[in-house]
Structure formats: C-alpha cells, structure tokens
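K.L.:
Below is one structure. I have some questions about it.
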Amino acid sequence: MTSAAITQFAVNVGLFVLGVSFLLTVWRVIKGPTLPDRVIALDMLVGIVMGFIALIAIRTGFTLYIDIAISLGLVGFLATVAFARFILSRKARAGEDGTRPPAVPVVPAGTAAPPAMPKATKPKPAKSSDGKQKAASARQPEDKPKTKRKPATGKGET
Amino acid sequence: MDLVLALATALLILVGTVFTFAAAIGINRFPDLYTRMHAASKAGTVGSALMLVAVGVHAADLAILARSFAGFFFFVLTAPVSAHLLAKAAHDSGYPLSDISVLDEKKTDEPRI
C-alpha cells in the first residue's frame, strides 16, 4: 500500500515537471531564431514525450508502452537526421531572422541597407576633396553603390 | 522488497524529471544553438532514458526490464549521433556562434578553402 503510494506520488510529480518542461521546450520551438534551434527543440520534445509515455506506462501498468516509446525514439532520431541533411543542403540564408551576420556586403536587405548608406557617403566626401571633386560629386547622386565606383574614377583620373 | 522497488522507481522518476527540467531550462537560457545542444542532447536524453529504466524496475519482470534497457541504450546511443549531425550541418551552413564565444576550433582546424 505504501509502496504503491510512493510510486503514485513520484509519477504525479514527474508528470507535472515534465509538463512544465514540455511547455518550456515548446516556447523554444516557437521563439527559436533559426531553423536548427527549432530542430533541436523538437528533438528534445521527442525525448520529453518518451518520458511521458514511460510515466503513463508505470501509472496504468501497460508495459507495452515501452515499445511505443522505443519506436517514437526511432522516429525522432530519423527525423533529426533528415532535418540535419536538409539544413546542410539548404545552407543558411544570410540575414535569416537577423541572427546571421551578412558575409557579403551586398546581401543585407532593407533593414541593413539604410545604416550602410550614410556610412558609405561619409568617407567619400573626404576622398573627393583630396582628389577630383567634380567627378566624384557628379557620380554620387546617380549611383548609390559608391564603393565600386571609386576605383573606376581613380583610374580614369590617373 | 516491494518497498525497495517502489523507492528505486520513485528515485529514477524524480532524477529523470530533474534532468529533463534542467534541459528545458538550458534550452531556453543558453545563448546560441551549439550551447543549447549541450542541454538538449545530454540532460534531456538522460532524463527520458532514466524514466524508461524506471518502467523496467517498476515491472520487476526480466523481459520488460530487458526491453526497457534496449530502449535506454537505443536512445542513449542515437542521441549523440543526431546531435553531432545537426551541429555539423548547422556549422557547415554558416550559423554563427554567439558573441561571447571565444574559440571556434572547427573553423580554425579546417583546411582553408
């Protein structure tokens, strides 16, 4: 009688804590800034559900649930491997969810472009004052990508 | 004997849930993907694997204990493989480490392409 009560108490506490863990992990699935974050959180959800199944097996006495847990673990493993292959083949897109710094200066989208433009304009007036002012000032309003234009103007001047 | 089995089952369940809860906290608190993987693939795996063992201990049957240990070893052996694959794929795809990381050995050891 007491042993059954001990097991029952442990199962109830375990179910509650697992439920809280499940919700915390679901929060990471929702929030996770990148795809691998969500995949690893889903992988852990499989583990938590396996724990749920084990506790239900203890509570109900149907030990056949162990086989279900094993097959769920197999499915979770295969799903994670498939997602890893998918991530490898897809490659991370630059600027995804704002977490990945752009490797190539051309890549940043609308958000990153405005701060980049004033920075590019500031060094140019200093250089243009040193060199040929008219040629540089005339081309700046026309073409926004100024960095590429500068070497061309320098070559034309020399 | 019955009481000992019940205590062992309760201990396995509670330790397993503590591990799983720690993993759930870690997966929310760590700064980037690669550190979150520590919590998810180590603590989370051990947590649910201990609960599988608890089923076998609670049943007190050799066949069920064998099956639960089969599930235990299956899960413990496959979790590192999937975590390694995922980390390698993410690193090769260019997902960055967090800003507070001080060393990326995989990047420095790789031959320069």
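K.L.:
What is the residue count in segment A:14-35 for residues that are under 16 Å from B:Ala39 (Cα atoms) and more than 9 Å from every other protein chain (Cβ to nearest Cβ)?
P.N.:
2
K.L.:
Report yes if some residue within segment B:51-63 is in contact with a Phe, Trp or Tyr (Cβ under 7 Å, 6 or more places away or on another chain), closer than 30 Å to A:Arg85 by Cβ, in a helix (DSSP H, G or I) and facing chain A (nearest Cβ under 7 Å); otherwise report no. Spell out the reasoning first.
P.N.:
Going through segment B:51-63, the residues in contact with a Phe, Trp or Tyr (Cβ under 7 Å, 6 or more places away or on another chain) turn out to be B:52-53, B:56.
If we keep only those that are closer than 30 Å to A:Arg85 by Cβ too, we end up with B:52.
Keeping just the survivors that are in a helix (DSSP H, G or I) gives B:52.
If we keep only those that are facing chain A (nearest Cβ under 7 Å) as well, we get B:52.
So far as segment B:51-63 goes, yes, one or more of its residues are in contact with a Phe, Trp or Tyr (Cβ under 7 Å, 6 or more places away or on another chain), closer than 30 Å to A:Arg85 by Cβ, in a helix (DSSP H, G or I) and facing chain A (nearest Cβ under 7 Å).
K.L.:
Here is a further query. Out of the residues in segment B:1-21 that are more than 9 Å from chain A (Cβ to nearest Cβ) and part of a helix (DSSP H, G or I), which is farthest from the chain's Cα centre (by Cα)? Spell out how you get there, then give the answer.
P.N.:
Step one: of segment B:1-21, the residues more than 9 Å from chain A (Cβ to nearest Cβ) are B:1, B:8, B:15, B:19.
Then drop every residue that is not part of a helix (DSSP H, G or I), which leaves B:8, B:15, B:19.
Numbers: B:Ala8: 21, B:Val15: 14, B:Phe19: 9 Å.
If we take residues in segment B:1-21 being more than 9 Å from chain A (Cβ to nearest Cβ) and part of a helix (DSSP H, G or I), then B:Ala8 is farthest from the chain's Cα centre (by Cα).
K.L.:
Give the number of residues within segment A:8-37 that are within 27 Å of B:Leu5 (Cα to Cα) and touching a residue at least 60 places away in the same chain (Cβ under 8 Å).
P.N.:
Total satisfying the criteria: 0.
K.L.:
Name every residue in segment B:43-64 that is at pLDDT 90 or above and either surrounded by fewer than 18 Cβ atoms within 10 Å (Cβ to Cβ) or of a type in the set (S, T, N, Q) (or both), in order of residue number.
P.N.:
Correct list: B:Thr45, B:Ser48, B:Leu62, B:Ala63.
K.L.:
So, one more: Looking only at segment A:58-76, count every residue that is at the interface with chain B (Cβ under 9 Å from one of its Cβ atoms), outside any loop (DSSP other than H, G, I, E, B) and either within 14 Å of B:Phe72 (Cβ to Cβ) or without any contact (Cβ under 8 Å) to a residue 12 or more places away in the chain (or both) and tell me the total.
P.N.:
Looking only at that region, the number is 6.
K.L.:
Across segment A:57-91, which residue is least open to solvent (accessible area, probe 1.4 Å) among those that are at pLDDT below 90 and of a type in the set (S, T, N, Q)?
P.N.:
Of everything passing the filter in segment A:57-91, A:Thr63 is least open to solvent (accessible area, probe 1.4 Å).
K.L.:
Specify which of the listed residues (B:Thr17, B:Thr78) is of a type in the set (Ser, Thr, Tyr), touching a helix residue (DSSP H, G or I) at 6+ places or on another chain (Cβ under 7 Å) and more than 27 Å from A:Ala82 (Cβ to Cβ).
P.N.:
B:Thr17
K.L.:
Continuing with this model, one more query. Out of curiosity, is A:Arg38 open to solvent by 60 Å² or more (accessible area, probe 1.4 Å), closer than 23 Å to B:Arg67 by Cα, in a helix (DSSP H, G or I) and more than 9 Å from chain B (Cβ to nearest Cβ)?
P.N.:
No, not satisfied.
K.L.:
Same structure, new question: Going residue by residue through segment B:34-41, is there one that turns out to be open to solvent by 10 Å² or more (accessible area, probe 1.4 Å) and in contact (Cβ under 8 Å) with a residue 60 or more places away in the chain?
P.N.:
Yes: one or more hits.
The values are calculated or read from the model by the stated rules, or taken from the named source; none is laboratory data. Owing to the predicted nature of the structure, the values given are computational and were not obtained by experimental measurement. Using ideal geometry, Cβ is built from the backbone for each residue, glycine included, and neighbour counts are taken over all protein chains shown. Surface areas here come from the heavy atoms of the whole protein model, side chains and all, with no ligands, DNA or RNA. Shrake-Rupley method; radii C 1.70, N 1.55, O 1.52, S 1.80 Å.
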